[in-house]
1. What's the number of the only condition in (1) open to solvent by less than 40 Å² (accessible area, probe 1.4 Å); (2) in contact with a strand residue (DSSP E or B) (Cβ under 8 Å, 6 or more places away or on another chain); (3) of a type in the set (A, V, I, L, M); (4) touching a residue at least 40 places away in the same chain (Cβ under 8 Å) that residue 267 fails to meet?
2. Can you name the number of the only condition in (1) under 26 Å from residue 68 (Cα atoms); (2) at pLDDT 95 or above; (3) not β-branched (Val, Ile, Thr) that residue 241 fails?
3. Looking at the structure I just gave you, is residue 114 crowded, with 18+ Cβ neighbours inside 10 Å and of a type outside the set (Val, Ile, Thr)?
4. When you go through (1) under 30 Å from residue 241 (Cα atoms); (2) free of Cβ contacts under 8 Å to residues at least 60 places away in the same chain; (3) surrounded by 16 or more Cβ atoms within 10 Å (Cβ to Cβ) one by one for residue 12, which number turns out not to apply?
5. Quick check on my filter: what residues within the range 129-157 are within 18 Å of residue 179 (Cβ to Cβ), part of a strand (DSSP E or B) and open to solvent by 40 Å² or more (accessible area, probe 1.4 Å)?
6. State all residues of the range 332-357 that are touching a residue at least 60 places away in the same chain (Cβ under 8 Å), closer than 16 Å to residue 12 by Cα, open to solvent by less than 90 Å² (accessible area, probe 1.4 Å) and outside any loop (DSSP other than H, G, I, E, B); if no residue qualifies, say none.
7. Restricting attention to the range 204-242, which residues are under 24 Å from residue 165 (Cβ atoms), charged (D, E, K, R) and open to solvent by less than 80 Å² (accessible area, probe 1.4 Å)?
8. Out of (1) closer than 29 Å to residue 365 by Cα; (2) of a type outside the set (Val, Ile, Thr); (3) part of a strand (DSSP E or B), the odd one out for residue 265 is which?
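The values are calculated or read from the model by the stated rules, or taken from the named source; none is laboratory data. Since the model is a prediction, treat every value here as computed from it, not as a measurement. Glycine gets a Cβ as well: all are built from the backbone with ideal geometry, and neighbour counts include every protein chain shown. To get the accessible areas, we keep the full protein, side chains included, count just its heavy atoms, and leave off ligands, DNA and RNA. Shrake-Rupley method; radii C 1.70, N 1.55, O 1.52, S 1.80 Å.
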Amino acid sequence: MSNTVQNADVFSAMEQWAPKWLAYDWDNVGLQVGAFNRPVKKVMITLDVLESVVDEAIDKQVNLIVAHHPLLFKPVKQLNLDSVQGRIVQKLIQHHISVYAAHTNLDAATGGVNDILCDTIGINQQDVLLESHTEKLVKFSVFVPRTHTEDIMDALSEAGAGHIGNYSHCTFQTEGRGTFKPLEGTNPYIGSENELAMVEEVKIETIVPEERITNVVKTVTDRHPYEEVAYDIYPLENKGKMYGIGRIGTLKQGMSLNELCEHVKTALDISHVRVTGDVTKQIKKIAILGGSGEKYIHVAKAKGADAYITGDMTFHTAQDAWQMGIAVIDPGHHVEKVMKKKVQQYLEQRFDKQDIQIIISEANTEPFRFI
């Protein structure tokens, strides 16, 4: 394997964790500034792409910034180099630094922002708070010589096929006899030109998430011994995994709202939270949504949450929650910073044996101060 990593390799790794189709249609995820086919030696992870972050990237000779919040969120009609955004883009281009964003797709992804927040706070038995996507599935079947069955099974699993719950290599196999005649100009693995060949083969069938089928086909055809690979793809009515924003779960042990506030501050390394409700109320079931989640206060209430942890609560929504009897803890939008360490660890694992360094931005992007 080559040690030269391209931006596109990092993008692909991120999208295997947080596919772009998980993002909301109003969101802008993926490449923001830069190029796909550009070598990358150093990646910096950040929550936001502020000018101070870009200056840090320049100073540390970073090639690629991976951010949670998009730098370019709304359509750009003018790139004024006298504006803050214009200066940022100019610096990025001048110093050949690319920017990639994984936003609501990383919020919804398994192991993404909301799962990280749950794990950090200690919320167990996690379920999706509000469904946004259901995975589409297809059936993939391929015909292989019996001698290569195990190798192709491994290739399928590596490409993301044959995973059902916590089980991998889930296939059904049928033995049979395949026939073919290599014509002039072919280079058959088995058989000879213009002679009918009969081969003991195995038909391997498995289930694949639709968004992974292209990778599955490429991986299998690269590993398959035949010059021409025979395979079939069938649509399925089966429903795959459910994805969505927010999580709801339970604490291992209940605690008062006041105790929960102190616990959240310690767990998320913040000095203050805003809270509504009776601080003596006992809390067991908690809904959480990183970022701005006030629109989903009624969902949290309907699902039986005793408390809802989310950022950017406004006055009247907080009043509504108070009157509904659901406690709200607002730790601020910036707590999504928990994604930085997790993304670093994920990319370090993915590129473990390659010449690339993954660092975390040290620039402070929290705009608020508490005095």
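1. Condition not satisfied by residue 267: (2).
2. Here residue 241 meets the rest and fails (2).
3. In short, yes.
4. Here residue 12 clears every test but (3).
5. 143
6. 343, 344, 346, 347
7. 205, 211
8. (3)
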